[in-house]
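Visitor: Take a look at the following structure, please.
No value in this document is a laboratory result; all are computed from the given coordinates. Values in this document were obtained by computation on a predicted structure and should not be read as measured data. We place every Cβ from the backbone using ideal geometry, glycine too, and count neighbours over all the protein chains shown.
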Amino acid sequence: MMLGIIEVFIVLVASLLILQFLKLQWMRNQLPPGPAPLPVFGNLWLLNFKLRRETLLTNTYGNIYTVWLGQSPVVVLNGYKAVKDGLVTHSEELSGRPLTPFYADMMGIFLTSGHTWKQQRRFGMTVIRSLGLGKNSLEHQIQMEASHLVDNFANTKAKVQREIEAVLEPSQLISYEDRKKLPYTNAVIHETLRYSNITSVGVPRQCVRNTTLLGFPIKQGTLVLPNLHSVVYDSEHWEAPWKFNPDHFLDLDGNFVNKEAFLPFSAGHRVCLGEQMARVELFIFFTSLLRAFTFQIPEGVKEINLEYILGAILQPHAYKLCAIPR
């Protein structure tokens with residue numbers, strides 16, 4: 001009798017798995033291509049159960065493909081063309097955020113959607129403007145903070161320091177407008193953001209209404225994952241993507257040029273709210289520090305571990321650096 005119950009249970013489980021497998025195969029036909037998912041597990045096992053910023057799936061399935069987190073499909077966008085199509089061209093359609101138990105305690109402007117998100121973003125922009133974003137008041141605060149910061153830190157590139165010395169007076173207060181006179185310094189900052197970007201992949205979006213991405217139909221409710229790292233390392237837009245090269249942002253005459261594939265702050269409706277503030281801070285802090293200090297690794301240290309620690313963001317390994325007043 002007991003053996004009969006076990007056999008029935010096994011047959012029942014096997015039947016459910018087969019039905020689930022057939023359902024997944026039917027759903028696959030409605031989505032961009034990708035590796036076949038298994039019932040319950042999906043195919044995240046192909047990525048060691050985590051999404052890494054590098055992936056070989058692009059070579060097989062192209063710049064838009066589907067992976068399965070358990071039974072949930074996630075459409076991944078790789079490279080500038082696909083990410084731009086999703087975040088810029090179809091920004092409104094992909095303005096949603098997924099609401100899952102995992103995100104339940106992380107609400108706020110970062111993970112809300114629809115009318116609530118629009119209200120919170122409007123409020124956030126109002127607060128930032130009240131702090132003087134884009135105005136002299138905020139820039140003055142950053143200048144004061146930078147003047148205090150140079151008492152502790154520094155980093156150097158000889159060419160950057162020569163440019164700063166040639167353009168700015170030693171006691172001149174550095175402003176964000178000075179970036180226009182310091183093209184190489186500005187290029188180094190941008191290349192640092194590109195080469196050492198802290199995003200593994202972008203925050204998931206949720207399709208709020210039916211749309212099409214690169215010719216593939218995407219239904220309302222589908223999760224979409226923009227791989228921002230793949231954009232700043234897209235070989236079609238960067239001459240030497242795996243090499244630190246400030247010339248990526250300079251023309252033949254040494255003038256600074258913006259690059260459309262430079263998206264460290266994301267793009268579209270869900271672009272980073274503090275992007276402009278971050279740009280001002282980075283320029284003033286970086287330039288102030290390099291004018292005041294020379295950086296070098298401690299004596300006896302031959303190299304620094306440049307690999308990243310993968311988490312919600314990409315973190316550097318701990319290292320020591322000497323700041324020598326100039």
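Visitor: Between residue 320 and residue 166, how high is the FRET efficiency from 1/(1 + (r/R0)^6) when r is the Cβ-Cβ distance and R₀ = 41 Å? Nearest 0.05.
Guide: So, using R0 = 41 Å, E works out to roughly 0.85.
Visitor: While we're here: Can you put 233, 319 in order, fewest other beta carbons within 10 Å first? Let's see the in-between values first.
Guide: Numbers: 233 20, 319 12.
Lowest to highest Cβ neighbour count: 319, 233.
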